[in-house]
1. If the requirement is being of a type outside the set (A, V, I, L, M, F, W, C), more than 16 Å from PRO726 (Cβ to Cβ) and not in a strand (DSSP E or B), which of these qualifies: PRO665, PRO687?
2. Tell me whether the stretch 301-313 contains one or more residues that are closer than 28 Å to PRO448 by Cβ, within 37 Å of the chain's Cα centre (by Cα) and not hydrophobic (A, V, I, L, M, F, W, C).
3. Specify the residue that is farthest from PHE586 (Cα to Cα); the eligible residues are those in the stretch 478-495 that are within 44 Å of the chain's Cα centre (by Cα) and not in a loop (DSSP other than H, G, I, E, B).
4. Being surrounded by fewer than 16 Cβ atoms within 10 Å (Cβ to Cβ) and outside any loop (DSSP other than H, G, I, E, B) is the filter here, so list the residues in the stretch 68-80 that pass it.
5. With the requirement that a residue be within 19 Å of THR173 (Cβ to Cβ) and acidic (Asp, Glu), what does the stretch 289-340 give you?
6. Tally the residues that are assigned to a strand (DSSP E or B) and over 47 Å from the mean Cα position of the chain (by Cα), restricting the search to the stretch 559-585.
7. So ILE198 fits all but one of (1) modelled with pLDDT of 95 or more; (2) closer than 30 Å to ILE359 by Cβ; (3) touching a Leu at 6+ places or on another chain (Cβ under 9 Å); what number is the exception?
8. List the residue pairs whose Cβ atoms are under 7 Å apart, where the first residue sits in the stretch 491-515 and is at positive phi, the second is assigned to a loop (DSSP other than H, G, I, E, B) and hydroxyl-bearing (Ser, Thr, Tyr), and the two are 6 or more positions apart or on different chains.
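The values are calculated or read from the model by the stated rules, or taken from the named source; none is laboratory data. Quantities reported herein were computed from a predicted structural model and do not represent experimental measurements. Neighbour counts run over all protein chains shown; Cβ positions are idealised from the backbone, glycine included.
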Amino acid sequence: MKHLLQAAILLSLVQAHAFSQVYVRVTKGSVTSAVNNGGSVTLNAPALRETVDFSVSVTYAGLGVLRFNGAPRLSGSSDFTAGETVPAVAALVSGQSVVIPVRFQASTARLTSAQLTWDFTETLAQVQTTRAGALVLGINGTAPSLELGYSFALDGNFNPLSMQEGQLPFPLTPLNSISTAGMILLNRGTGPGQLESITVTGNAFSLASLPIVPATIDAGALLRFQIRYQPRTDGTHQGVLTLRYANGNVNQVTLRGEALTSYLKYQIQMASDSATGIIPDSVISLPSTAIGQRNVATIRFTNASPFDITVPSVAITGQGFALVDVPFTPLTMAPYSSQFLGIVFAPTQGGIATGRLRIGNDSFELAGAAQGSQLQYRYSSKAGDVALVPGATVTFPNGAIGEVSSVTVTVTNSGNVAAPIMTIAVPSVTPTGFGLSGLPSLPFSIGPKESIQFTVQFQSLTAGPTTGTLRINSDQFGLFGTADALPGLTDVVILGPSTVQAFEQPRISLSLAKSYPVALRGTLTLSVESDGFAIDPSTQFSTGGRNVNFTIPAGSLRATFANGMQEIRFQSGSVAGAFVLTPTFFTATGTSIASDAVRPLRIALASGTPRMLSGGVSTRTLSSLTVEIIGVTTTRSLTRINVKIKPRAGYQVANTDYTQDLTGPSLLWFNSSASSGYGGQFVATLPLQFNSNVSVAAGTDLVQAIESITVTFLNERGSSEPVNIPVL
């Protein structure tokens, strides 16, 4: 019974194990893949009608003998065929293999399928058992089907190209403009295609928006790129687009393009004359026109192409030329439609005027003769002769302060009529040191091809650069002269106290230790360094503000301030801190003068005890009164108030002294935005209510028992002087 049980177990194990003893591998080239018996494999052909050879290897790993019955069978698509060396009947023991060669040649880009079947019998000697089975392998075949096409922005239609000797004609394209073909390589097959490279030949053709190649184009996917046609010479142009694939196939497309001078045809009409044709890059000559007058030429441009075109812009350049009645751009023009615009020639100076007209990509030269005078300018100095145009600058040689230098200005009329000269002047609101001499009497005229001369002089009034203006009729020129650098300032003395109290108005004066050779002007600036985190707005000069101007005449020492005095006062305010007085110096023309001798004056306002400015009874009734006190605390803080009540003779008051902590109310007030306008000032309101501990008649004046009230305020620095407030 024991041996039967062991045999049954062995048989069970063998039978269970037998189903997994046949192993299948598919090899294509150097790639081998394991496949389950009964499974399937997919193979991709690189192109239609190309052959893919692969092999199916069957390995037996069982404990018996595997015998195949007959030859392997292929059923399904005829694209799959058995190889030339199909194995005959074979018997395999454990570890042995047999190889079945198979060939796939895609006749269609659709999915094709076949099945490889090979019957076998397995004999297990240990248990004297024979079992029938079969090798079954499904085989699927795919192949790419690549289709090339293009489209243009003019219509957006997709146009397929033959994969053999295709032709891609570009639309008529104006010189130096660009026509772009959007290229699409579409895979309509069931397997991926491999593209190796994209190239183009032909000087007028180039590639754009290229993908990275080599590239794989999966089934149903597409690859995009562009071909640009940009002719730089007229006539026809030809090139070749070449696509190379991984399997060695080559796809070539012939590129053809034709350039024309322009899509547009042009005509011009002058006044009542008939219209005449013109071509781009030619010269448009406008009629001779007097200065101040105008002539208009009408341009008609027609779309001579069979499709819509866009004119992106219309522009004109050149003095005296302008456009009128210009259509809005960008302008879309239907085939054979026309548009109009006008060219205005209105010269402002004599001679030949030139310009350019641009319509889209087409350009024209413009020329017109202006009847009138034409002034040209030159000036000469020790440095040489210099041509001068309106807006340019006449530069004088450097010199010392007070030294006179000069230049000679020549005015020539190169026009064809006499030029009237109405004005020659050096206008200036303030003295600049520039002047004129040698002028003929105004007004006068300069005949055609004639010249006149005059002198411009410069005498520097201040050190450093000086500028001015020379005006000849409506033409203006800059004038520039400079003098040697100014000497440095010696000691600058600012006189004033070192300390002040709240609400003082100290006197300040400013002087030089040594006189200066030129007149000075400057600004004295009052800076505030507050210890109370706020600046009293009343801290300012007596003239208003924290800046005051002053002047020091040449050769003088004392500064005269804006109030006409040689002293200036400022209000110290009510907040502890420091006041810094700093002067800055300039020449009369605004040149800054820096000096290490300028030392600011620092004045301190020390923090102190509170100080009462005023106090009194603001309201009074029979049984109450309100005391109001105005004071100042330079620390912008209060800690306590002490109140002492003095009764009149014959009266008694139960509580004559009391104290109140002011830390909180003080903090609220001095940290509020409302307090910033008062610095360290405050107003304290003290309401007092009186009651009698005995019965009194109605209407009795209880407040008459109070003779006076004494108030004292305290801060971190100590106590204020008491203020005594009588009660009437």
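1. It is PRO665.
2. no
3. So the residue we want is GLY478.
4. Once the filter is applied, which keeps residues that are surrounded by fewer than 16 Cβ atoms within 10 Å (Cβ to Cβ) and outside any loop (DSSP other than H, G, I, E, B), the stretch 68-80 yields ARG73, SER75, GLY76.
5. Hit for the stretch 289-340 is ASP308, nothing else.
6. Residues in the stretch 559-585 being assigned to a strand (DSSP E or B) and over 47 Å from the mean Cα position of the chain (by Cα): 5 in total.
7. Failed condition: (2).
8. PHE503/SER572; PHE503/SER574
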